[in-house]
Each structure stands twice: as structure tokens, then as C-alpha cells.
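Take a look at the structure below.
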Amino acid sequence: MNSLAAENEFRAGLERVLSDIERQLAPGTANPQAHARDEALHEHDTRVHFFDHLLKLLRWDLGLGGNVAQEARIKAATTKFVDYVGVNQDTRAPVLILEAKAWDKPIIRGKGERQNWPKVNLIVEAVRHVNAGGNKASSPVTADWHEHLSQLAGYVRDFWEQSGHAVSRAVLSSGQWLLVFTEPVSTFCGSTVNDRQFLLFERESYVENAKVIFELLARVKLANVAPDRIRPSQLGIYVNKKDFVSAYHGMLICYEETGTVLFAKRPRILVYPSVIIQREDGTLFPVIDAEEPVPMQVSRTLSDAETLGPHLEEVQAAAEELLQSCSDELGLHLAPGELADFPGFPVEPEMGPSGSDLGEPRKQFVKPVRSASNNWLAVTGSQTHFLHERPKVECLFHAWAACNAFGRSIGANALNSPATRDPRAFFVDGQHHHCAHRTVTDRRSARCYIKAIDARTCCNACVYHGSCWSPEDARNLPCGN
């Protein structure tokens, strides 16, 4: 949707929400969310009738699997709960804090000689007072507003100090007024506070200022996640020379079951070479150009030995061509970074009813594609495939019989045919990329990145070996390091 259409849709939706609330609060109208004969919208009611709708109009997704945590926990000296936290699902960073107040909570007011001050001046003075550690008794504003601002400042500081996340927007609102801090970290953690760091809207001006509010708070402005795939020719839409950070080889892996239902189906693994581009804000963009995949297959040499070489060479050629296309598009020479330098695909936060802990993302090299099952995006660093042509060490344990001789075989029989379940195994007994050792399989269960693709791959044949196993753990494996 283009910007004009998005602005119009938001404005129309905002008009509807405000109109619905006005009808709800009309004299004689019962509020089903309130107590008996109580026509006011308390904080919970205001969330239901206003803030939930506002966030949806701003294209945020509430509920399970969404990108807004409600009552999100912050672990500080005492556990705090933020009413709404909008999260960038790619970087897992909190970008929006919204602290909701009851509908009838008054707009900011000054005390004493400041009672007639402009609201903007009051906000500046009140924030300076909070930042200086002042108490509510000596605050230039009413006690409740001192507490509102102190609470919001604490949230911003906790996110910044604990995890380095600079929240892009911090909002206080009762629904009838909306105070948006546009540089929360500068405002509450810096040394300067001025009236250019926030905007205050009142209900009567919401529709008139719909474009501004949308630009300030919409998800597509604060946390627009990267598409599952872009073409090299689309790179310039998302990345330029100034905000480019690094590039890594990767691949889209598609897992299929093939064959007739009359026999056991076999796995088919399709590989689409990819380049993962990292932008300055941490967003990762997967660039994939090929419409035709490279099927993974084992070939035979002239001496009748099995080899993965031709497949790896085909993927490498396509990957290097794609990297050059990205270089040409950005006008940069892209040298793929090492796997150890990759920041990791973050695990998407779980948005349960009790909120979620928002901390540093856990490093991942393989992530499922959101829009399809049995599809994964894998980063491989400077390598062009997640598999090596041969394992990095020689060992006996590619064969069930050798493992059985040591009493460490898996199951009662060798795995002689590729399998799609129990376990998923593309490589079979005796092949260099197959592992038949029970101890290795048990230990790798909770740490393997490619278990969902092939649960029996030899760890020493995988580029993630050094990430899954510490040097000490690797030395303690039956095959050594």
C-alpha cells in the first residue's frame, strides 16, 4: 500500500474508533467492561476500546505470534511491566513503548506559578526534574504527571542500560491526549531536554494530525521487517552504500518428500543460493535470484567412489555469481564475512498474555521461513554450502557395524535407505556424511542447527561444527576433533 492510501486508511479508522468511544460514553449508555452504573473508561477499558484498536490501525499485531508484547516484563532491581512494547521481529529489539492511562486521566498541569504555563514548557521542565532525580513534592507538575514521566523514563533507561536497545518511540497516553517522545534515549538518558524531542496531541486534533501520528508510530515506519526474499535488483530499495555493513553467503533450503505412497517416501533437498546482506540497523536481507534450485545429490567418481563434489561446485558457482550481482547493484565490492562474525538470526519473541522478556537475541545460523513449512534460510559465512565435501576428521563411525562393535550403534539395524522421519536422514549408512554413533546423536540433539533437515549428518562434515561444539566438547566426542 502506498503512503497516501495508508494515511487515508489510518485516518478513517481513527475517526471510527473515536466515534465508537463517544457513543460508548454518551449519557445513559452502559459500559459492559465497567462496574455496575460506572460509565467511565478505566485503564483496562481504555486499552480494550482505544489502544488495542489504535495499534492495529498502526499495523501492529497483538496476540500470540504478534509483534506487540502486552504487560511485557523488564528485569531490573524489581520486575516492571510495560503496558505495550512493539518489537522489530527481525532484530528482536523493542522499538515502541506505550504506557496507557485511564481515559479520564487529565492532561499535564503545572503547580503554583506554573499553572498557566504552556503544556510544552511544562513537559520540558518536568522531564528535566525527573532526570535530575527530583521528587514529586518539588516537581513543577502535578504528582500523577511526575509519576507518569518517572515511570516512562525508567522503562527507557532499563532497556538502554540492560541490553543496549535504544527505543525509537516512547508514548504516554490516556486516549484523550497522546504524548510521543521521538528521541527517548536522548530525552531520558542524555544531558539535554528540549521541545523538539516530543509531540503532544489532544483528541480534537487526532484526525487532523493523522498523517503525523502514523509517521511517528506505525510499524512500517519503526519496525518494517525484511521480506523473506528479495532479488538483487531490489537491493537498492532497502540498502545503500552508507548503511551497508556486511554480506554473507547463505542458502534457502527446501525439504520435500518424494515418491509413491506405496513405498516409504524419500527426502529431496533443494538448495537456492543466497546472499545475506546486513544493514546498519541490524536488519538482515536475504537476496535470492535463482528460480531453479540445485537438488542435493551424491555423485560417483570415475573410480566409483561417492562424492558430493559436483553438487557443491554447482552451488558455489551460482553463489559467487549472485554475490557479484549484489556487488554490481550496490556499487561495492562485497567480500563474504566469516560465519563467526555473523550477528545471528534472532529467535522471534513469544507474545504470550503475560508478556515476554526482551533481552539480547540468541544467536542462530538457521531460521525457518515464516511463510512456508520445511523451508529454512541458512547463513554459511564465507563458505557457499553448509556441508563440506568430506568430514574434517576420519573416523569409523559412519557405519552402524563399527558403532555396534563398540556398543554405541543407533537402533537395531543400519539405516540403509534415505528416510523422511524417525529420523530424517538424507545420507545413509557407510556414507561419509552419515553418523551412526549413539553418543554423538544424543549429545547433538539440543544443539544441532540442521537436525530438522538431516538428523544423522556427521558433525565434522558441517560448517556449523565450530559453533555447535566447543573445543573441549569436540575433543570428548568419539571421533575427536
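Per the helix-only calculation at 222 nm, which mean residue ellipticity applies to the chain, given -39500 (n - 2.57) for every DSSP H run of n ≥ 4 and division by its residues, nearest 500 deg cm²/dmol?
-8000 deg cm²/dmol
Would you check the accessible area of residue 260, probe 1.4 Å, heavy atoms only, in square angstrom rounded to 10?
Approximately 60 Å² for this residue.
Using alpha-carbon positions, what is the distance between the centroids of segment 197-230 and segment 154-176, in Å?
After rounding, the separation between the Cα centres reads 16 Å.
On C-alpha positions alone, give me the angle between the axis of helix 143-163 and the longest principal axis of the chain, in degrees, nearest 10.
20
Please compute the net charge surrounding residue 126, taking Lys and Arg as +1 and Asp and Glu as -1 over other residues with Cβ under 14 Å from its Cβ.
Around residue 126, the surrounding residues sum to +2.
Using label points projected 7 Å from each Cα along Cα→Cβ, tell me how many nm separate residue 421 and residue 80, to one decimal.
Calculated label separation equals 4.8 nm.
As I understand it, the value is the acute angle between the Cα axis of helix 3-24 and the longest principal axis of the Cα atoms of the chain; what does it come to in degrees, rounded to 10?
50
Taking the solvent-accessible surface of protein heavy atoms with a 1.4 Å probe, what is the per residue accessible area of the chain in Å²?
Per residue, the chain has 48 Å² of solvent-accessible surface.
Heavy atoms of the protein only, probe of 1.4 Å, neighbouring chains included. What is the accessible area of residue 365 in Å², nearest 10?
It works out to around 10 Å².
Ordering 128, 23, 438, 444 from largest to smallest accessible area (1.4 angstrom probe), what's the sequence?
The most accessible residue leads, giving 23, 128, 438, 444.
Once the other residues with Cβ under 13 Å from the Cβ of residue 378 are scored (Lys, Arg +1; Asp, Glu -1), what is the net sum?
Values: positive: 367, 451; negative: 454.
Every neighbour counted, the sum reads +1.
About the Cα centre of the chain, how large is the charge dipole given +1 on each Lys and Arg Cβ and -1 on each Asp and Glu Cβ? Please answer in debye to the nearest 20. Please list the in-between numbers first.
Working: 51 positive and 59 negative charges, 185 e Å.
Roughly 880 debye for the chain.
Carbon-plus-sulfur fraction of the accessible area of segment 155-253, 1.4 Å probe, in percent?
Answer for segment 155-253 is 45 percent, counting heavy atoms of protein chains only.
Quick one: ranking 101, 367 by accessible area, 1.4 Å probe, largest first, what do you get?
367, 101
Specify the angular offset, from 0 to 90 degrees and rounded to the nearest 10, of the alpha carbon long axis of helix 309-330 from the longest principal axis of the alpha carbons in the chain.
30
When only the heavy atoms of the protein chains count and the probe is 1.4 Å, how do 292, 256 rank by accessible area, highest first?
Reading off the accessible areas and sorting them downward yields 292, 256.
Only one of the listed values, (1) 31; (2) 49; (3) 67, was derived from the coordinates as percent of Cα pairs over 34 Å apart; which label is it?
(2)
Tell me the accessible surface of residue 25 in square angstrom (1.4 angstrom probe, heavy atoms of protein chains only), to the nearest ten.
60
The values are calculated or read from the model by the stated rules, or taken from the named source; none is laboratory data. Not measured: the values here are computed from a predicted model. Every residue, glycine among them, receives a Cβ derived from its backbone with ideal geometry; neighbour counts consider all protein chains shown. Only protein heavy atoms, including side chains, enter the accessible area calculation; ligands, DNA and RNA are left aside. Shrake-Rupley method; radii C 1.70, N 1.55, O 1.52, S 1.80 Å.
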